[in-house]
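Laboratory data are not the source of any read-out in this text; all were calculated from the coordinates shown. Here the structure is a predicted model, which is why all the values come from computation and not from measurement.
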Amino acid sequence: MLTPEERRKKARGANRKGKGFQRKVAKIFSMWFYGGNDSKLKSTPRSGGYRNKLVGDINNLDNPDEFPLHIECKNVEGGQSKWDLQDLLRPKSLIEQWWHQTIDDARISSKIPALVFTRSYEKIYIAITKYTYESVRTFFTHDVQTPRHGIFNIDALASCEHFLDALVVFELDSFLCWCSPQKLSTHYEESTFYG
C-alpha cells in the first residue's frame with residue numbers, strides 16, 4: 001500500500017506525463033493547422049483567467065475561435081486505467097468514458113469534438129464523430145484513398161443525436177495527412193451542429 005507521500009508523488013508524475021503529451025499534441029496540430037508554426041496552439045492552462053473561458057486540452061490562447069477542434073488528450077495506462085483498442089468493442093470502457101467527456105465539453109466550446117489518445121509504446125490515435133468523417137470525406141475526389149480507420153458504434157450514445165453515436169478512429173499521422181486544415185475548417189463553417 002502506498003503512503004500519502006508516495007501517492008502524491010505518483011499523481012505529480014502522471015500529471016507531468018499528461019501535460020507533456022498535451023504539449024506534444026499542441027505542437028503537432030499547430031504545425032498542421034498553421035502551416036509550420038509550431039507555437040500557435042498551447043496546452044490550456046488550468047488556472048487564472050483561462051479556467052472559465054476555455055475547455056479542451058489544446059487551444060489557441062490568443063484567438064480561441066480560430067482553431068475549429070475541441071481536443072481532449074489522454075495518455076493513460078496501467079492499473080485500473082489500462083486500455084487497448086479492443087475497448088472500443090466493450091461497453092463502458094475507458095475510451096467510451098473519454099468520448100463522453102469529449103462530446104460534453106465540445107458542446108460547451110461549439111467546436112468539432114476530437115479525442116487524441118495514446119499510451120507508452122503505442123501510436124497516437126484520434127477519434128472524431130462519424131458526422132465529421134462523412135462531411136470531410138465529401139470534399140475528396142474518388143482517387144483520394146481514405147487511410148485505415150475503424151468506425152465504432154457507441155450504444156450508450158444511441159439516445160443522442162444520430163451523428164454522435166459512432167466514432168471513427170485513425171492513427172493521428174494518417175488522419176493529418178488525409179484531412180487538410182482547409183477541409184476541416186470548411187466543414188466547421190458549413191455545419192449547423194457546432195454553434
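Need the full-extension length gain, ARG148 to MET31, defined as separation in residues times 0.36 nm minus the C-alpha distance. One decimal, nm.
Working: separation 117, 0.36 × 117 = 42.12 nm, distance 2.26 nm.
Here the segment from ARG148 to MET31 would lengthen by 39.9 nm.
Any of LYS19/LYS42; LYS19/LYS130; LYS82/LYS123; LYS92/LYS130; LYS42/LYS111; LYS40/LYS82 with alpha carbons more than 22 Å apart? Name them for me. Provide the component values of the computation, followed by the final result.
Working: LYS19/LYS42 10 Å; LYS19/LYS130 28 Å; LYS82/LYS123 15 Å; LYS92/LYS130 19 Å; LYS42/LYS111 16 Å; LYS40/LYS82 32 Å.
In this structure, LYS19/LYS130; LYS40/LYS82 lie more than 22 Å apart at Cα.
Would you kindly derive the ³J(HN,Hα) couplings of the range 22-28 from the backbone phi angles with the Karplus curve 6.51 cos²θ - 1.76 cosθ + 1.60 (θ = phi - 60°), listing them in order in whole Hz, with x for Gly and Pro?
Result, rounded to whole Hz: 4, 4, 5, 5, 4, 5, 4.
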